[in-house]
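Data first, discussion second: the structure below is written as C-alpha cells.
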Amino acid sequence: MPGRKTVLISLAALFLILPFLVSLLNLYTDWNFFVETGYTSVLTTTLLVKIGSGLLFGSLLLAFLLLNLIPALRSKFPRAAVTIMEGTIYQLKTDEAERFVKPLALVFAFVLALFAGQWGALQWEKLLLFRNMLPVGTADPILGKDIGFYFFSLPLLEILAAFSRVTVLVATVLVGVAYYVKGGISLTPSGAHVDGQVRKHLALLAGLFLLTMAAGFYLDCFRLLFSETGAVYGAGYTDVTARLRVFRLLAVITPMTAIFFAAAVWKARWRQALLAPVILFAIYGIGIKVYPGLLQKFKVAPTELALEMPYIEHGIKFTRFGYDLDKIETIPFDVDDKLNATDIANNDLTIKNIRLWDHAPLLRTYSQLQQIRTYYKFHDVDNDRYLVNGQYTQVMLSPRELSYNDLPSRNWINERLIFTHGNGITFGPVSRISKEGLPEFFIKDIPAVSLADITLTKPEIYYGELSNDYVIVKTRVPEFSYPTATGNINTTYEGKGGVPLDSLVKKALFAARFRTEKILLSSDIGKESRILYYRNITERVKTVTPFLLLDSDPYMVVTKEGRLAWIIDAYTASNSLPYSKPVSKEINYMRNSVKVVIDAYDGTIDYYISDPQDPLVKVYARIFPKLFKPMAAMPEDLRAHIRYPHQFMRIQASIFAAYHMTDPKVFYNKENLWEIPALGDNPMEPYYTIMKLPGEKKEEYILLLPFTPAKRDNLAAWLTARCDGSNYGKLLAYTFPRDRLIYGPKQIDARINQDSVISQQLTLWGQRGSEVIRGSMLVIPIEKSLLYVQPLYLAATDKIGLPELQRVIVAYRDEVVMEETLELALQKLFGGTLPTPETAEKTGPVPTYTQPELAAEAMKTYERAIELQRQGNWAGYGKELQKLKEILQHMARKQ
C-alpha cells in the first residue's frame, strides 16, 4: 500500500512541521511588535539565548543517548531476542528484533531530545542571570557565599544537576530495554541473565548516576539555608550541626561509592555492589532523618532559645533585607488627646483630603452617572493627587474604557474597525459631595468637560485594561469617537502605534496570526492602515519583559500636555535568598525596582529604574542595556504622580508585623507581635491620604496602614510610606505607648454599633428597603491625636442602586458622632468659633436693595456658604453666614 504509506508519512511530517510554522508566524508578528516599541534588542537577546539553550540541552541529551544506544543497538547476541509472554508460542528472531528496536529507539531518542530542547529554551533567564551576575556584597552566615551566588548561580546549578540525573536515568532505562529486546538481558526460571558486555555498560551508567547524586548532595548543603524545620525559616541548630555535616560527607563519599559500585558490577561481584547503595542509604537515613530528629528532640527542644539564638538573628536580618524593611525608621508616637478646633483649622488640607468615597461604591456611582453609553465601562477607580486650581488635592480617577462585550451589535467591523478605543476619564475630589450625596467632578462627560485647570487634549484610550487583542485604524471606515445628542462624532487615529498593513504579505500573515481571513479580504483596509495589537497594557508589558512581576493595579495619569498615560509598578523577585521567610513559593526577596509608563494613545512603553540599589535590576540592566532608563529621565509631570505601591506595602506590612522585633529573644517569645486589623473577614488595606506627618511643616501624599497587637484590638503602630519628591520610598513606623489604651478600628467599630442614635438610624434605613453600605474605617493622625472616619452610603437594594454618601461618622477619644458632612461632624466634636464682630465688619455694609433683590442676594450668599462648607473653608463659610445674617436682619427691618 505505497499510497497509504505516503499519506501517513505526509500527515506525520505536517504534524511535526505545523508547530514550527506557527512559531515562525508568532515570531514574525512579535518582531513587528518589538520594532514598534523600539525594543528589538530585548527580543534578539532572549531569542538567541533561547535557541542556544534549547540546542545545548537538546544536543547534550541526544549525544548522551546516542553514545549509549548505538553500542547497545550494534551488539549481537546468539539467542532469541525476547519472549513476549511466559509460555508464548511466538518469539521474535534476532533479525526481526534488529529491525524493530533500532528505528524505534532512535526516534524515541530524537523525540526526547526535542522535549529537552524545549525545556532548555525555558531556562534562558537563568542562563542570562548566570552569565551577567554581579556580587551583592553580603555573604550568607553559614557557608560564606555571596548572596549573588544564590540569586544567579545556584538556580542554574540545580537545573544542571537535575538535567544530568534525568539524562543518565533515561539513558539507563533505554539501554536496558534495548539490551533486553536484543537478548543481552533475559529472564529465565532460574533468574535474570545479564551478558558481560551489558553488565559493564550498565555499571558505567550506574556509576555516573551516583556521581550526579553526589552533585545533588553538594547542592543540598546550600539548600539547607532554605530549611523550614527550625525556629525560623533557614538552617537552624540541627541543620548546621547535623545535616550539613552529613551532606558534606555524602558529597565526598558518594563519588567513591560510585567507583566502588561500578567496579563491583563490572566484575559481577553482586554482594559487594549491593554494599555501596546500602552504605549510602544508611548514612542518608541515619544522618539526615534519624539523628537530626533525636538531636532536635533531646537537645534542642529543651534549650531551643539558647541554641537557636544565632540562627534567629540570621532569619531576622535576611528577612528584613529580603523585603527592604531595614529602611523603615521607627518613631515613637505619644498620643496626647488634646486635639481642638485650632488644630483642625491648622490641618485644613488634611481634613479636606480625607477620603470619603470608597472605591467600590464610587465605581458603582461613576458607572451610573458617567458611563454615558452601555458600551463604555469603568473598570477601576484609582487614587492620586494633583495640583487643582493651585491647591494640592487628593483625587479619584477612573478611565472610561470601551467594553467590547457590551457593544449593541457585535461583528468584526464594529469590534475591529469602528469601535477602537475608550474615551476620557472621570476625575473628582475624594471628599466633596453634592446636595444629593453624589460625588463632585473636576473632569466629566464626553467630550471631556473640565471644571478645573486640568484639561484633556488626547482623551482617546487605545491601550487599557479592557482593550481587546487587536483593532485596525486609519481604514476607509470612520472610527467612532463619541456620541452626542445630534449624532455620533467620528475620528481618525493620528498616533504612531501599531504596525502598517502596507503589503498583501503582511495582511496574510496577520490574518493567519489572528485566525481571520477578513484582514486579508477586507476592502476597508488600505496601505495607510495600521494594526494595533497587544493592547491590554499588562499583556503588552509582559510581552516585552516577562521577567518582571507586575502590580495588579495600574493607574492612569493626566500629563501636563493633556495626554493620558498608564503607570504600572513592576517588581523584581526571587525565591533564592537564604534565611528570608517566603510569602509564596516564588518570592522571598522583592523590590519595586521599575516604574513602567504606557501611553494610552500610541502604546509607547518606557521603563524607569526606581530602585537602582536592587542587585536583580542591576543584572537585568546589564543583560538589556537599552531597556531601562534612570528615574531622572522620567518627565517631571509623570514623576509627580509616582506612588508607593499598595500591593508591595501590604506584603511588607505582613512581614513587618513580626520582623519589627529585632531582638532574637523578643522575636522568639513573640512578645510584641503585631497584626493588621480586620473589620469583618478581611484585613484592612493600606490607603492613600494627604496629611502632615509629625514633625513636618507641610502636607504630603502618603500610604498608611495601622497595626494592632496580636489577638488584641487596640492600636500598636501605624506604618506609612512617603510618595512625594525626594522623600519617595521612605518608610516610617510610628509606635504607640504600650502602657496606654489607644482605640483600634475594631473597637471604634464596636462603639459605633453601640451608639443608640447611629444604630437606630441604620436600622430605620434598612427597614425602608435601602442598602446601608459602611465604608472603610480610616485612621487619620492629626498633630499627636487620632481621628477615625467612616462614611455611610445608601443605595437601593436592586442591582442598579446608586450609592449616595448620606452620613459621615467621626470618632475621637470616647466620642462618636454622625452628621451629614465631615465638616459638621468635626464642628460637633470640636466646636468652632463664629466670626467675631471685627471679622464680620470686614464683609462690608449691606447695600440698599429692594426686598426681592435682598432675597436674591440672600440666596446667593447661602449658596456660596454651602460651597465653602463643602470645600472645608471654614473661615469663608463663617464670613458668608455673617453676611447672610446681616441681609436677613436688613430684610426684617424693612418689613
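The values are calculated or read from the model by the stated rules, or taken from the named source; none is laboratory data. Everything numeric in this text was worked out from a predicted model, so none of it was measured. All Cβ positions, even for glycine, are placed from backbone atoms using ideal geometry, and neighbour counts span all protein chains on display. Note: accessible area is taken over every heavy atom of the protein model, side chains too, but ligands, DNA and RNA are not part of it. Shrake-Rupley method; radii C 1.70, N 1.55, O 1.52, S 1.80 Å.
Quick look at the numbers
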item	result
For q = 0.13, 0.15, 0.16 Å⁻¹, Debye-computed log10 I/I(0) when each Cα of the range 198-245 counts as one equal scatterer	-0.44, -0.51, -0.54
Average accessible surface area per residue within the range 521-577, 1.4 Å rolling probe, Å²	32
Three-way shape call for the range 145-303 based on the alpha-carbon gyration tensor, with the a/c threshold at 1.5	prolate
Unsatisfied cross-links (Cα-Cα over 24 Å) in the set 126/506; 338/670; 267/289; 595/626	126/506; 338/670; 267/289
Along principal axes, Cα extents of the range 490-583, largest first, whole Å	62, 37, 15
Where 388, 666 fall by accessible area, highest first, once all protein chains stay in place (1.4 Å)	666, 388
Residue among 378, 340, 322 farthest towards the positive dipole end of the range 282-390, charges placed on Cβ	378
Using alpha-carbon coordinates, inclination of helix 196-223 to the longest axis of the chain, degrees	30
Diffusion constant of the range 610-654 at 20 °C, which comes from Stokes-Einstein with the Kirkwood Cα-pair radius and 1.002 mPa s, µm²/s	171
Rounded tilt (10° steps) of 359-370 against the dominant C-alpha axis of the chain	70
For the chain, diffusion coefficient by Stokes-Einstein and Kirkwood Rh (Cα), 37 °C, 0.692 mPa s, µm²/s	98
Relative packing of peptides 32-40, 742-750 - highest average C-beta neighbours within 10 Å first	742-750, 32-40
Cα centre as origin, Lys/Arg/Asp/Glu Cβ charges: the range 281-428 dipole, Debye	720
Reach of residue 50 by Cα under 14 Å, taken over aspartates and glutamates that are not fewer than 8 positions away in the same chain	125
Relative contact order computed over the chain (Cα-Cα under 8 Å; 6+ residues apart), in percent	10
Rounded to the nearest 10 Å², the accessible area of residue 349 at probe 1.4 Å	40
Centre separation in Å (Cα based) which lies between the range 198-212 and the range 792-825	77
The range 112-209 - Rg (one decimal) and Dmax (whole number), Cα, Å	20.4, 65
Straight-distance crosslink candidates among lysines, where the alpha carbon sits under 22 Å from residue 860 and sequence neighbours closer than 8 are dropped	435, 842, 879, 883, 885, 894
Estimated dipole of the range 115-186 in Debye, rounded to 20 [Cβ of Lys and Arg +1, of Asp and Glu -1, Cα centre]	280
Beta bridges by DSSP in the chain, antiparallel share as percent, to the nearest 5	90
Per residue value of the accessible surface for the range 273-404 (all protein chains in place, 1.4 Å probe), Å²	43
Nearby aspartates and glutamates by direct alpha-carbon distance to residue 585 (threshold 13 angstrom, same-chain neighbours under 8 apart not counted)	228
Degrees, to the nearest 10: 304-322 long Cα axis against longest axis of the chain	70
Selection from 305, 206, 408 lying farthest towards where the dipole of the chain points positive, charges on Cβ	206
Peptides ranked, highest mean first, by Cβ atoms within 10 Å: ranges 249-260, 713-724, 283-294	713-724, 249-260, 283-294
Mean-position separation - Cα centroids, the range 709-782 and the range 403-425, in angstrom	43
Largest to smallest accessible area among 668, 728 [probe 1.4 Å]	668, 728
Cross-link pairs beyond the 21 Å C-alpha cut-off, checked among 629/698; 377/527; 692/730; 474/507	629/698; 377/527
Share of carbon and sulfur in the accessible heavy-atom surface of the chain [1.4 Å probe, %]	58
Electrostatic dipole magnitude of the chain [Cβ: Lys, Arg +1; Asp, Glu -1; Cα centre; debye, to 20]	3840
Residue 579 long-range amide H proximity, modeled H, under 5 Å	235
Heavy atoms of residue 28 accessible to a 1.4 Å probe, total area in Å² rounded to 10	70
Computed over the range 219-367, Kirkwood Rh from alpha-carbon pairs, angstrom	21.4
Between the range 292-358 and the range 533-577, the Cα center-to-center distance that results, in Å	30
Most positive-pole-ward Cα, 574, 559, 461, against dipole of the chain from beta carbon charges	574
